[in-house]
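K.L.:
Please read through the structure below; I'll follow up with questions.
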Amino acid sequence: MSIAKTGLTSKKETILAPTGILDDQVLDQALRPKTFDDYIGQSKVKNNLRIILGAAKKRKETVDHLLLHGPSGLGKTTLAYLIAKELGSSIKITSGTALEKAGDVGSILTGLNDGDVLFIDEVHRLNRAVEEVIYPAMENFKLDIVIGKGNSAKTLQIDLPKFTLIAATTRISMLSSPFRSRFGVNFRLDFYSQEEIEKIINRSADLLQIKVDKEGIRAIANASRFTPRIANRLLKRVRDYAQMNDQKTIGLKAAEEALKMLEIDERGLEETDRKILKTIVETFDGGPVGLKAIAASISEEENTIEDVYEPYLIQIGMLTRTPKGRVITREGKKHLGLDKSLLDF
């Protein structure tokens, strides 16, 4: 059966990348938790946020600026929405790539109202000039505008409404120390447990009015890389397969066949993951090898490997980072099905 016939994504599309399909974007919004009670996982972060938000509301003060970091797809944007809703505030969303110059920041900040939440995704992509404009805005709710150049330049200071900045990043190490220090709270989101991912899939299946048995849920969860965003996308692709084959209930067989057609194995590894592991083994004798060499060998961007693929491979113990470079582990070699005599090279 061809992929076109089943309605699944093509081989060249990756389940890890942000979707560009309008229907999927609408469904992603529909599946987004509407309250903290609906938000499964990240218990420590949620408990701390409840206290921080509750205390700020009692004092009738603006909540401290928040920095959320961790691998993509773990719910940073969802948390920003929930925080704004809990505060009864409006939320304005932008990204580090969209704020190229000081004027971009100024237009957004001056358009805020008291108590609003400003969410900046991929905040590590802000350039230093933009960061320096944000510093006084975060600390004193002031916007400094420089008029003129050289010795005749003057600084005009504009009062800003009291707002809360929520920033999200997958690469906290790229943020400057002065910028990080201006956030009152710093939360790291971790990968989810198998049980939590199964609960998320079960909840999403109910919202999408899909019948999935326990074995089907477990198979999808196993391939979800402990990440809610991926779990929901895989659920939708498995649903497509089941519908095209007139299966009213998604079981183990339907889930496994759909995942196989997507070239996703039982551990959630897709083609690029396997390429990374195979390249380290076949081209670089198991490592250590630098990120740049791996990227060149598989024709992939370094940032994509480091941000999208490596965190999960490291999490499941198939890859390690050393001072000299990346090294495939015994677990990684076993997953590739290498001969036992080659496991300890």
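Read the figures in this text as sums done on the coordinates, not as results from a lab. As the structure is a computational prediction, the values presented were derived from the model and not from experiment. Don't worry about glycine lacking a Cβ; one is built from the backbone with ideal geometry, like all the others, and counts go over all protein chains shown.
K.L.:
Over 18 Å between C-alpha atoms is what I'm after, so list which of LYS85/LYS142; LYS46/LYS236; LYS211/LYS260; LYS214/LYS253; LYS142/LYS162; LYS34/LYS60 land there.
P.N.:
With Cα atoms farther than 18 Å apart: LYS85/LYS142; LYS46/LYS236; LYS211/LYS260; LYS34/LYS60.
K.L.:
Here's another thing I want to ask about it. Which residue, ILE316, ILE120, ILE217, tops the fluctuation ranking in a GNM of the chain built on C-alpha contacts under 10 Å?
P.N.:
Fluctuation is largest for ILE316.
K.L.:
How do 180-189, 295-304 rank on mean C-beta neighbours within 10 Å, highest first?
P.N.:
180-189, 295-304
K.L.:
A follow-up question, please. Rounded to whole Å, give me the distance from the Cα center of region 40-96 to that of region 207-235.
P.N.:
Here the two parts' Cα centres lie 26 Å apart.
K.L.:
What lysines could a cross-link reach from LYS324, if we take a straight Cα to Cα line under 17 Å and drop same-chain neighbours fewer than 8 places away?
P.N.:
LYS292
K.L.:
Also: Can you say what percent of the DSSP beta bridges in the chain, counting only those with both residues inside, are antiparallel? Round to 5.
P.N.:
Here the antiparallel bridges make up roughly 35 percent for the chain.
K.L.:
Percentage of Cα-Cα pair distances in region 204-345 greater than 17 Å, rounded to whole percent?
P.N.:
Result: 62 percent of Cα pairs exceed 17 Å.
K.L.:
Given contacts defined as C-alpha pairs under 8 Å and at least six residues apart, what's the relative contact order of region 89-216, whole-number percent?
P.N.:
Rounded, it is 24 percent for region 89-216.
K.L.:
So, R0 is 22 Å and r is the distance between the beta-carbons of LEU156 and ALA56; what FRET efficiency does that work out to, to 0.05?
P.N.:
After rounding, the FRET efficiency stands at 0.10.
K.L.:
Also, quick follow-up: If you place +1 on the Cβ of every Lys and Arg and -1 on the Cβ of every Asp and Glu, how big does the dipole about the Cα centre of region 194-272 come out, in debye to the nearest 20?
P.N.:
It comes to approximately 300 debye.
K.L.:
Between region 238-275 and region 151-199, how many Å separate their Cα centres?
P.N.:
37 Å
K.L.:
Between THR322 and GLU266, what is the label-to-label distance in nm when each label sits 7 Å out along the Cα-to-Cβ direction?
P.N.:
Result for the modelled spin labels: 3.0 nm.
K.L.:
Taking θ = phi - 60°, what integer Hz values does the Karplus form 6.51 cos²θ - 1.76 cosθ + 1.60 yield along region 266-283, in sequence order, with x for Gly and Pro?
P.N.:
Whole-Hz 3J(HN,Hα) from phi for region 266-283: 5, 9, x, 7, 10, 4, 5, 4, 5, 4, 4, 5, 5, 5, 4, 6, 7, 9.
K.L.:
Mean separation of Cα pairs under 8 Å and 6+ residues apart, divided by the residue count of region 21-136: what relative contact order is that in percent?
P.N.:
Computed value for region 21-136: 22 percent relative contact order.
K.L.:
Can you tell me how region 83-165 classifies by the Cα gyration tensor, rounded, prolate or oblate, using a/c under 1.5 as the rounded cut?
P.N.:
oblate
K.L.:
Once you order the gyration tensor axes a ≥ b ≥ c over the Cα atoms, which shape class does region 138-232 get: rounded for a/c under 1.5, otherwise prolate or oblate by comparing a/b with b/c?
P.N.:
Because a/c hits 1.5 or more and a/b exceeds b/c, region 138-232 counts as prolate.
K.L.:
Per DSSP H run of at least 4 residues, take -39500 (n - 2.57); add these up for the chain, divide by its residues and hand me the 222 nm value, nearest 500 deg cm²/dmol.
P.N.:
The helix contribution divided over the chain gives -13000 deg cm²/dmol.
K.L.:
Once you have the Cα-Cα distance between ASN113 and LYS46, take 0.36 nm times their residue separation minus that, and quote the gain in nm to one decimal.
P.N.:
Result for the pair: 21.5 nm of gain on full extension.
K.L.:
What percent do you get for the relative contact order of the chain when only Cα pairs under 8 Å and 6+ apart count? Intermediate values should be presented prior to the final figure.
P.N.:
Details: 488 pairs, mean separation 59.7, N = 345.
In percent, rounded to a whole number, it is 17.
K.L.:
In terms of modelled amide H atoms, which long-range or inter-chain residues lie less than 5 Å from the amide H of LYS211?
P.N.:
Under 5 Å from the amide H of LYS211 lie the amide H atoms of ILE250, each far enough along the sequence or on another chain.
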